[in-house]
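Notes follow once the structure below has been shown.
The values are calculated or read from the model by the stated rules, or taken from the named source; none is laboratory data. No experiment lies behind these values; they were computed from the predicted model shown. Counting neighbours? That spans all protein chains shown, and the Cβs are built from the backbone with ideal geometry, glycine included. With ligands, DNA and RNA removed, areas are computed over all heavy atoms of the protein, side chains included. Shrake-Rupley method; radii C 1.70, N 1.55, O 1.52, S 1.80 Å.
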Amino acid sequence: MIRKLRLLSWSVGLMLLTALSAHSFIVGQDKSPLKLIQKIPMPNVKGRLDHFGVDLEGRRLFVAALGEGQNTVEVIDLKMGKRVFSIPGQSKPQGVFYSPDFKKLFVANGDDGTCKIFAGDTFKLIDNLPIGTDADHVGYDPASKYLYVGFGDAKSGGLAIIDTRSNKHITDINTDARPGGIKIEKSTPQTYVTLAGATKLGVVDLKKRQQVKTWPTGVQSNVALALDEDHHRLFDGIRDPAKLIVFDAESGKQVSQVEGVSGIDDLWYDASHKRVYASGGRGFEVGFVYVYDQKDADHYELIGKVPTAPGAGTSLWSPQLNRLYVGAPSNGKEDAAILVFEPQP
């Protein structure tokens, strides 16, 4: 009986959220730019959800669940549409990366300042590397097979370099503050980062292994970055005041500003649809994904405010799967869930 009621609750919740998506704020078009196609429940997962990793070949999603008393990484089977495993023993898990080459899962943990490495099949702990204070965001360079883990605070920080082949912590790149939103450019050695508490972004040269320049933003709460390499544009998601700033990634000059989503946590560029997705909702009763249409390299239009769930800030865009995954934390009325959206023409 309880199982039937729970299934009924999920079905009703999905129908309600689908209805909300249909009534999202839309400008200049007849339907929402994102369609909710699935809701994957995560029963008994409490508290805030942080960043995701994805195993494309195995169709698995890894979700950092860092709520008090939770401290797990949740494993979602995307083919089956359900949570299949929970990896315990975390210490405020934040950044997550799955290595398809070496079948290993890397998790940056903030409380104990480590990067924990797990076997991709059994999820047994392989190694536990000391990184530094508040290990958080991660960025991966497929050419070198190096994983970069941001750590530090508002006074100083760095990018820890981890060789995903050997599981060795090679060295650190010093930055002005804890780096986040790590976006690695494929065509140049440049990597772009937010700097905790700073009114600027940082530019890091991975070959020189040093921060080489900064770009002023005028605000402290630079939270998330996205990169359009074809047009050399860097997107900066700002939490307070909520806005999106677009930079010329070659000159560092600001070329555009548009309204931003409240409580932003993640930001993505969708090259195939020429759109930007900004997910936000941390600390708010309703979460949204703001969808921006790229008219050209310097002009962007907000075309949709798609409702998600209370506190739903983090997300992951997979161009290979053509899906946007949004983490909806438990809220007292519903269990935690992964909301799966498909872009619409």
Check your understanding: If you check Gly287, Gly260, Gly311, which single one turns out to be surrounded by 22 or more Cβ atoms within 10 Å (Cβ to Cβ) and either polar (S, T, N, Q) or in contact with a Ser or Thr (Cβ under 7 Å, 6 or more places away or on another chain) (or both)?
Key -> Gly287
Study note, to complete from the structure: Listed by first then second residue, the pairs whose first member lies in region 187-206 and is in contact (Cβ under 8 Å) with a residue 12 or more places away in the chain and within 22 Å of Thr133 (Cβ to Cβ), whose partner is charged (D, E, K, R) and part of a loop (DSSP other than H, G, I, E, B), with beta carbons under 6 Å and at least 6 positions apart or on separate chains, are Leu195/Asp176; Ala196/Arg178
Exercise for review: Please name all residue pairs, on different chains or six or more residues apart, with Cβ atoms under 6 Å, provided the first residue is in region 166-183 and is within 25 Å of Leu227 (Cα to Cα) and the second residue is hydroxyl-bearing (Ser, Thr, Tyr).
Suggested key: Gly180/Thr194; Gly181/Thr194; Ile182/Tyr148; Lys183/Tyr192
Review point. Does region 84-101 contain at least one residue that is over 20 Å from the mean Cα position of the chain (by Cα), of a type in the set (Val, Ile, Thr) and either at negative phi or part of a loop (DSSP other than H, G, I, E, B) (or both)?
Key: yes
Check your understanding: Within region 103-134, can you find the residues that are surrounded by fewer than 20 Cβ atoms within 10 Å (Cβ to Cβ) and of a type in the set (Phe, Trp, Tyr)?
Key -> Phe123
Practice item. Take region 255-271 and flag every residue that is free of Cβ contacts under 8 Å to residues at least 40 places away in the same chain and of a type in the set (Gly, Ala, Ser). Key: Gly260, Ser262
Exercise for review: Output the residue which, of all residues in region 135-149 that are assigned to a strand (DSSP E or B) and open to solvent by 40 Å² or more (accessible area, probe 1.4 Å), is farthest from Pro93 (Cα to Cα).
Suggested key: Tyr146
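What number of residues in region 35-59 are acidic (Asp, Glu) and open to solvent by 70 Å² or more (accessible area, probe 1.4 Å)? Reasoning before the result, please.
Going residue by residue through region 35-59, those that are acidic (Asp, Glu) are 50, 55, 57.
Checking the rest, the ones that are also open to solvent by 70 Å² or more (accessible area, probe 1.4 Å) come to 57.
Residues that pass the stated criteria total 1.
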Practice item. Considering (1) touching a Pro at 6+ places or on another chain (Cβ under 8 Å); (2) open to solvent by less than 10 Å² (accessible area, probe 1.4 Å); (3) under 26 Å from Glu57 (Cβ atoms), say which one Asn322 fails and leave the rest. Key: (2)
Check your understanding: Is there a residue being surrounded by fewer than 21 Cβ atoms within 10 Å (Cβ to Cβ), basic (Lys, Arg) and farther than 20 Å from Pro329 by Cα anywhere in region 82-102?
Key -> no
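Give, as residue ranges, the strands (runs of 3 or more DSSP E) completely inside region 185-244 that count at least 2 residues that are open to solvent by less than 20 Å² (accessible area, probe 1.4 Å) and closer than 20 Å to Gly281 by Cα. Before the answer, list the steps.
Numbers: elements: 190-195, 200-205, 210-216, 222-228, 233-238.
So the answer is 222-228, 233-238.
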Check your understanding: Would you pick out the residues in region 49-71 that are modelled with pLDDT of 95 or more, under 19 Å from the mean Cα position of the chain (by Cα) and either farther than 18 Å from Lys104 by Cβ or part of a loop (DSSP other than H, G, I, E, B) (or both)?
Key -> Leu49, Asp50, Leu56, Arg59, Ala65, Leu66, Asn71
Check your understanding: What are the residue pairs meeting all of these: first residue in region 333-345, first residue touching a residue at least 12 places away in the same chain (Cβ under 8 Å) and of a type in the set (D, E, K, R), second residue open to solvent by less than 10 Å² (accessible area, probe 1.4 Å) and assigned to a loop (DSSP other than H, G, I, E, B), Cβ atoms under 9 Å, and 6 or more apart or on different chains?
Key -> Asp335/Val45
